[in-house]
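Read the structure below first, then the notes.
The values are calculated or read from the model by the stated rules, or taken from the named source; none is laboratory data. Keep in mind that this is a model prediction, so the values were computed, not measured. Quick reminder, even Gly has a Cβ in these numbers, built from the backbone with ideal geometry, and neighbours come from all protein chains shown.
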Amino acid sequence: MLNDPIANVMSSVMTYEGSGKRELLIHPISKLMRKVLSILQEHKYVGDLEDLSEGRGGFAKLHLLGNINKCGVIKPRFSVKTMGFEKFEKRYLPANGVGILILSTPQGIMTHVQAREKGLGGRLIAYCY
């Protein structure tokens, strides 16, 4: 039984990256997971995401590029204010300016850099570097 689908996908990505595989089949996939993967795609951590079936609990194929050193979800989903990103950057990212924190804000899913520019806080979802 899947308790946290995003955590399962992130751990599968880490496993497939470590073994050198280039494609990952994701099931089930949600809108939130698609948005998180599209952010990773924008930052060149993963390749294309192909939808194999539409609808609820669909399948998708993720192409891996081999650019991820580590990624994972952040549990519990900590609440972060506009000026509070530094503490979590030190906790989850290896160095200043390396990697991204993904968070949910009132204006949608975005990285901590975009949220800081817009002056938004939110809840942390995942990290990647």
Note to self: Can you go through Ala95, Ala60 and tell me which one is over 14 Å from the mean Cα position of the chain (by Cα), in the same structural domain as Arg34 (by TED's automatic domain parsing) and among the aliphatic types (A, V, I, L, M)?
What the structure shows: Ala60
Check: Can we say Val36 is farther than 19 Å from Ala115 by Cβ, outside the structural domain of Leu103 (by TED's automatic domain parsing), crowded, with 16+ Cβ neighbours inside 10 Å and not charged (D, E, K, R)?
Finding: no
Next item on the list: Restrict the check to segment 4-24 and report whether at least one residue is surrounded by 14 or more Cβ atoms within 10 Å (Cβ to Cβ), outside the structural domain of Arg123 (by TED's automatic domain parsing) and not in a helix (DSSP H, G or I).
Entry: yes
Next item on the list: Scan Glu17, Glu23 and give me the residue that is in contact with a Gly (Cβ under 7 Å, 6 or more places away or on another chain) and in contact (Cβ under 8 Å) with a residue 40 or more places away in the chain.
Entry: Glu17
Check: Restricting segment 40-54 to residues that are surrounded by 20 or more Cβ atoms within 10 Å (Cβ to Cβ) and hydrophobic (A, V, I, L, M, F, W, C), which is nearest to the chain's Cα centre (by Cα)?
Finding: Leu40
Check: How about segment 26-98: which strands (runs of 3 or more DSSP E) wholly inside it have at least 1 residues that are among the charged types (D, E, K, R)?
Finding: 46-51, 58-64
Next item on the list: Could you please let me know if Gly108 is in contact (Cβ under 8 Å) with a residue 24 or more places away in the chain and touching a strand residue (DSSP E or B) at 6+ places or on another chain (Cβ under 8 Å)?
Entry: no
Check: For the subset of segment 74-103 comprising residues that are in contact (Cβ under 8 Å) with a residue 60 or more places away in the chain and of a type outside the set (Lys, Arg), which member is farthest from Val9 (Cα to Cα)?
Finding: Ile100
